[in-house]
1. Counting Lys and Arg as +1 and Asp and Glu as -1, what is the net charge of the other residues whose Cβ lies under 13 Å from the Cβ of residue 95?
2. Can you give me the angle between helix 13-24 and the longest principal axis of the chain, using Cα atoms only, in degrees from 0 to 90, rounded to the nearest 10?
3. In debye, nearest 20, what is the charge dipole magnitude of the chain about its Cα centre with +1 on Lys and Arg Cβ and -1 on Asp and Glu Cβ, if you could check?
4. Along the charge dipole of the chain, which of 17, 51, 125 sits closest to the positive end, that is, farthest toward it, with unit charges on the beta carbon of Lys, Arg, Asp and Glu (+1, +1, -1, -1)?
5. Mind checking which of 196, 161, 206 is farthest towards the positive end of the range 109-214's charge dipole, using Cβ charges of +1 (Lys, Arg) and -1 (Asp, Glu) about the Cα centre?
6. If you build the convex hull over the alpha carbons only and average its shadow over all orientations, what do you get for the chain? Give it in nm² to one decimal.
7. About its Cα centre, how strong a charge dipole does the range 109-214 have in debye, to the nearest 20, once Lys and Arg get +1 and Asp and Glu get -1 at the Cβ?
8. Along each of its three principal axes, how wide is the spread of alpha-carbon positions in the range 62-163, in whole angstrom units, largest first?
Amino acid sequence: MGIRVLVNGAKGRMGIQVVQTVQAEQGLNLTGQTDLGDNLAEAIAEAKAQVVIDFTHPDSAYTNAETIINAGVHPVVGTTGFGEEEIEKLQAISAERKLGGLIAPNFAIGAVLMMRFSAEAAKHLPHVEIIELHHDGKAEAPSGTAIKTAQMIAAARPNAPPAKVKEKELGPGARGTKNYPVPIHSVRLPGHVAHQETILGGLGETLRLRHDSISRECFMPGVMLAVRKVMDLDQLYYGLEHLL
């Protein structure tokens with residue numbers, strides 16, 4: 001039979017790709033598909049799912065994840081928009097149940113490596129800014145990948161360097177959002193899928209680390225990896241790097 005999988009958000013762009021991939025993957029069995037308006041808890045029970053893959057909307061991200069965990073099923077969540085407190089609460093619920101799962105802001109292997117390399121580089125080149133570019137249908141900004149990268153950089157570098165001058169923004173947000181340890185600039189335009197560039201500046205040099213998702217297929221190896229690995233976990237992780 002293989003691992004029984006339910007895809008939540010099955011009618012969305014990512015969901016359609018996930019459904020096709022699960023159906024073609026050996027060792028996985030697609031037993032359910034849900035989308036907006038469906039009762040997720042009932043569908044999980046009917047499908048006898050072991051894993052739920054969730055690619056939905058930031059507004060429902062926390063509720064969906066909580067529903068999946070409370071159903072005793074392993075979550076693999078690619079929906080972004082979680083706050084730190086929400087992730088910590090979900091991790092606590094999972095720990096109580098000794099239930100493994102994953103919330104990942106990005107499932108592309110190259111993007112995970114880009115985040116890791118950005119954190120490593122920031123130890124030596126601490127002046128950093130992030131530009132992320134996505135399609136114009138992405139609801140939230142900045143992206144979960146950019147936020148995760150900023151957090152990893154902050155954890156890796158000893159101290160954020162002080163500003164060289166007192167900045168004056170002629171328009172709010174001109175220097176990117178300052179709500180995170182690293183300035184993040186968000187671009188939303190048709191023609192993009194998901195792209196990020198970490199720019200590090202030093203004395204007489206610049207280092208650019210860029211990842212481009214050309215199609216949504218690039219996320220599928222990471223999703224399939226997660227589906228298999230969460231079955232043997234007893235806690236909820238944030239970030240695909242924990243499973244690589």
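Read-outs throughout are calculated quantities, based only on the coordinates presented, and are distinct from any laboratory measurement. Keep in mind the model is a prediction, meaning the values are calculated, not measured. Neighbour counts are summed over all protein chains in view; Cβ atoms, including those assigned to glycine, are modelled from backbone coordinates with ideal geometry.
1. Numbers: positive: 89, 97, 98; negative: 88, 96, 234.
With Lys, Arg at +1 and Asp, Glu at -1, the net is 0.
2. 50
3. Details: 23 positive and 27 negative charges, 126 e Å.
Magnitude of the dipole: close to 600 debye.
4. Farthest towards the positive end: 125.
5. 161
6. Working: hull surface 56.1 nm².
Projected area, direction-averaged: 14.0 nm².
7. Values: 13 positive and 10 negative charges, 58 e Å.
Dipole size: approximately 280 debye.
8. The principal-axis extents, from largest down, are 47, 33, 25 Å.
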